[in-house]
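Derivation of every value follows stated rules applied to the coordinates shown; laboratory data play no part. This one's a predicted model, so the numbers in the text were calculated from it and none came from an experiment. Note that we place each Cβ from the backbone using ideal geometry, even for glycine, and neighbour counts take in every protein chain shown.
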Amino acid sequence: LLNVSRIDQGRLPIHKAEFPLSELVKEAIAEFKPIASATNIEIDFEAAKADLPQAFGDSSLLKLVVENFIDNAVRYTKGAGKIVVAIVSKKGKLLFSVKDGGVGIPKADQRHIFQKFFRSDNVLKYQTQGSGLGLYIAKSIIEKSGGKIGFKSEQGKGSMFWFTVPASKK
């Protein structure tokens, strides 16, 4: 809620520096592996190249976004499944994505997905915990970082959430 308050007041501090996004992602995946394994969910990480450029942004805030995407993918994949996490370099940006085969988002709810406190009707029946703030915070962080955020989803087939962040110019 503190982050939401700072976002709403336009005072979310961002401390940009170069950092290896792939290392941050590996750490986040390691945190979620035990939970995923316990529910028969496999998490695969696909980095396009070993020589990806460094990201340029606030690593602690971007870690929140990465963790939110992975957490949602694990939460909304019911039964055995696979989550694919990927990073590729495109036109001076790094593109991060998380794809799952989970419950997906109904078409009617998709326009609200990044709004504060929004939770889709179909996820409420799975009784997952959540405040409806994670994606709102994620969108604010990515936009303040100079990136873009989006998703593709089909109910019953899963979702792919993605964001871009600037790559280091070096």
Karplus (6.51, -1.76, 1.60) ³J(HN,Hα), θ = phi - 60°, over region 69-85, in Hz, Gly and Pro reported as x
4, 5, 4, 4, 4, 5, 4, 9, 9, 9, x, 4, x, 9, 10, 10, 9
Residues whose placed amide H lies under 5 Å from that of Ala55, excluding near-sequence neighbours:
Phe19, Leu21, Ser168
What is region 16-70 by shape, rounded, prolate or oblate, if you read a ≥ b ≥ c off the alpha carbon gyration tensor as root eigenvalues and call it rounded for a/c under 1.5, prolate for a/b larger than b/c, and oblate otherwise?
oblate
Using a Förster distance of 41 Å, how high is the FRET efficiency between Arg111 and Glu31, based on the Cβ-Cβ distance and rounded to 0.05?
0.85
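By the gyration tensor of its Cα atoms, with a ≥ b ≥ c the square roots of the eigenvalues, what is the shape of region 60-108: rounded for a/c under 1.5, prolate for a/b over b/c, or oblate? Mind dumping the intermediate values first?
Values: a/c = 1.95, a/b = 1.74, b/c = 1.12.
Prolate, since a/c reaches 1.5 and a/b exceeds b/c.
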Total formal charge among the other residues, if their Cβ is under 11 angstrom from that of Phe163, Lys/Arg +1 and Asp/Glu -1:
+2
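Given R₀ = 41 Å, FRET efficiency for His15-Lys78 by Cβ-Cβ distance, to 0.05? Don't skip to the answer; put the middle values down first.
Numbers: r = 38 Å, r/R0 = 0.92.
So, using R0 = 41 Å, E works out to roughly 0.60.
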If the limit is 24 Å between Cα atoms, which of Lys99/Lys169; Lys107/Lys148; Lys90/Lys139; Lys116/Lys148 go over it?
Lys99/Lys169
